[in-house]
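Have a look at the structure below before the remarks.
The values are calculated or read from the model by the stated rules, or taken from the named source; none is laboratory data. Bear in mind that the values here come from a model prediction, so they are computed numbers and not experimental data. Cβ placement follows ideal geometry from the backbone for every residue including glycine, while neighbour counts extend to all protein chains displayed.
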Amino acid sequence: MLLSGCAGRKNESTGEIVTEDQPAETVPDFRVAGLVDLNEKQDMKEILCQSWNNKEDADDIKNSRGDSELEMANRGYCFFNDGTMVKDPRGEYRLGVWMLHDDKKPYLIEMKLDNGTKELHQVARLDPKNLTLNEVTSGNEKKLVEYKGEAVAHLQIRDEPFHITNNRWRIAPKQPETDEAIKARLKASIHFFVLFYDHCINARSEDVILTGLPSCFKWYAGGIYMRKEKDLPANWISCFYNAKQAAIAYKMADELLDRKYNWPKGERNWVKQNVFVLKQMEKQL
């Protein structure tokens, strides 16, 4: 099923969808959109509390050629001011807690993940848009790894797309769920993408990178359609108790997408087009 709106722009050379060029604007007041401008911050912990994407992975995705459906590494960290964190939010989505040791150099980030593993990394460089970690391996070797940020964070945790508050749907249940519970899981997944798209709009994101995010939908510039059932990504199926229950959610999503929706008239930005329809879809579940 294909749901199309106005035309947008897709980078055909990379397979990734990028934001439309917009007229020059004044410096945005991020607080109006519920965001904190980290360029104005000096405290290390405040600057760290944002999403960090592995620079090498992000560059590979942006510069890739051909099929955007190829599985590509998309590593990273999200640090939150409530002490929680996520490793690889665009991949395995591993929860944990973190602590910054900044009483003396070298400054250290200590992480304890929910699978019992621990990570300890030295902060080699930090500014609002760049983080370099000296990652200590199990063999006590060190490797410098660069990460990129957007220098923005949300005023409210509940608005952070990758916080556990908005990602419980990605954690498979321990037992089979009722159809109503499956529907709720599907609705939560749509809400995640509403927050994700809203973040990209409000943060003035240069690129909208969807690689690695679990979904039964395929996102296009000015259009949303269902993936073929045989092409569903494993990380979306694994959000449910089993493949059978994932198939129930897929059918619900297909029927939902088959309904009529209003597209925003005169809107040229494909991100705003898609989120406008996603919000209508969320209300109908």
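Points to keep in mind about this one:
- Taking first residues from the stretch 214-242 that are under 18 Å from A184 (Cβ atoms) and partners that are assigned to a helix (DSSP H, G or I) and among the hydroxyl-bearing types (S, T, Y), the Cβ contacts under 6 Å between residues at least 6 apart in sequence or on separate chains come to C216/Y250.
- Residue count, the stretch 221-235 (criterion: out of contact with any helix residue (DSSP H, G or I) (no Cβ under 7 Å at 6 or more places or on another chain), assigned to a helix (DSSP H, G or I) and either outside the structural domain of W270 (by TED's automatic domain parsing) or not small (G, A, S) (or both)): 3
- The single condition among (1) surrounded by fewer than 15 Cβ atoms within 10 Å (Cβ to Cβ); (2) among the β-branched types (V, I, T); (3) under 21 Å from K272 (Cα atoms) that I201 does not satisfy is (1).
- Members of the stretch 231-285 found to be polar (S, T, N, Q), under 23 Å from the mean Cα position of the chain (by Cα) and more than 17 Å from F193 (Cα to Cα), listed by number: S238
Per-residue answers, yes or no, for (1) within 21 Å of the chain's Cα centre (by Cα); (2) assigned to a strand (DSSP E or B):
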residue	(1), (2)
L100	no, yes
D103	no, no
T132	yes, yes
R158	yes, no
A172	yes, no
E177	no, no
A181	no, no
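- Among (1) of a type in the set (D, E); (2) at pLDDT 55 or above; (3) crowded, with 16+ Cβ neighbours inside 10 Å; (4) under 25 Å from V277 (Cβ atoms) - the single one E69 does not satisfy: (3)
- Of all residues in the stretch 243-262 being over 26 Å from M72 (Cα atoms) and without any contact (Cβ under 8 Å) to a residue 12 or more places away in the chain, the one that is surrounded by the most Cβ atoms within 10 Å (Cβ to Cβ): K251
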